[in-house]
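A short reminder: the numbers here are calculations on the coordinates, not readings from a lab. Just so you know, these numbers come straight off a predicted model, no measurement behind them. Cβ sites come from the backbone with ideal geometry, for glycine too, and all protein chains shown count toward neighbours.
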Amino acid sequence: MASLTGKTLFITGASRGIGKEIALRAARDGANVVIAAKTAESNPKLPGTIFTAAREVEEAGGKALPLKVDIRFEEQIAAAAAKAAEAFGGIDILVNNASAISLTGTRETPMKRFDLMFAVNVRGTFAASQALLPYLLAGRNPHILTLSPPVSLDPLWFRNHCAYTMAKYGMSLCVLGMAEEFRDAGVAVNALWPKTAIATAAISMIPGVQARNCRTPRIVADAAHAILTRDSRSCTGNFFIDEEVLSREGVTDFSPYAVEPGAPLLPDLFV
């Protein structure tokens, strides 16, 4: 089985949720993981910090570097990238996981929240990719993996939360453009999105969604691992769905990924 042993991953928003689970999956291979996120102090309403995530990474068998980074500020990303490269001798993989959400209609979306989603989702993804590319171009089998959906202009995905959809699709457009821009350089640029709702803190933003109708973040992490271990020159410009990735890897039983096996699963947004 392909492995991430010895590879260095820079993961944004990795203090909890899907980002942390991707970090832990890489750690089990013995990878180096940069935990790049804002949360450095514990919050009783939102558990997990860069330090608790780093501890879990090291307990899982990897090496961790917790760095407080707000990806809205490119100078923070640049400084973190330099520290990571110095600590681990380079960077091979960027995972653009950090994201802000507000499933609100046009009249109900404060401009402050609109600006946050665009600053984190679109600008943050672009800025992180830009800052990490010099290291990735010198890396081994370099990948950028962005947690964003396939792009569709079906009004269904816009009518109830126009601002959020635009912000997530902005991340996807970064994938579309950069995959082609860096194809000849051998940097893989792909997107990954879950087929079902995932039990993270973000589900509290979705009215009526219960954890029992979700899968755990582990399914996204296993799919990410499968993508990130592929040859970067032959795997780029894809908009992957987690279940489809794992099906191609030979997985036939997805029940272990369910929060409550047997409970009906809720399809995720944009799928």
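Observations on the structure shown:
- Prolate is the label for the stretch 52-119, because a/c, from the alpha-carbon gyration tensor with a ≥ b ≥ c as root eigenvalues, is 1.5 or above and a/b exceeds b/c.
- For I241, distant residues with modelled amide H under 5 Å away: W193
- Rounded, prolate or oblate (a/c below 1.5 giving rounded, otherwise prolate when a/b exceeds b/c) for the chain by Cα gyration tensor: rounded
- Listed cross-link partners K20/K68; K45/K83; K20/K195 are compared with a 21 Å cut-off, the Cα-Cα value being larger for K45/K83.
- Neighbour-count ranking [beta-carbon atoms within 10 angstrom, fewest first] of C214, C162, C235: C162, C235, C214
- Counting every other Cβ atom within 10 Å of each residue's Cβ, W193, W157 order from fewest to most as W157, W193.
- Nearby aspartates and glutamates by direct alpha-carbon distance to K63 (threshold 12 angstrom, same-chain neighbours under 8 apart not counted): D29
- Choice from E243, E75, E58 showing the highest fluctuation, given a GNM over the chain with Cα pairs closer than 10 Å: E75
- For the stretch 15-26, putting each phi into the Karplus relation 6.51 cos²θ - 1.76 cosθ + 1.60 with θ = phi - 60° gives couplings of 6, 7, x, 5, x, 5, 5, 5, 4, 5, 5, 5 Hz, in residue order, rounded to whole numbers and with x for Gly and Pro.
- Cα gyration tensor, the stretch 102-165 - rounded (a/c under 1.5), prolate or oblate: oblate
- Near I11, the amide H atoms lying under 5 Å from its own belong to V34, A36, V95; only residues 5 or more places off or on other chains count, and H is placed 1.01 Å from N.
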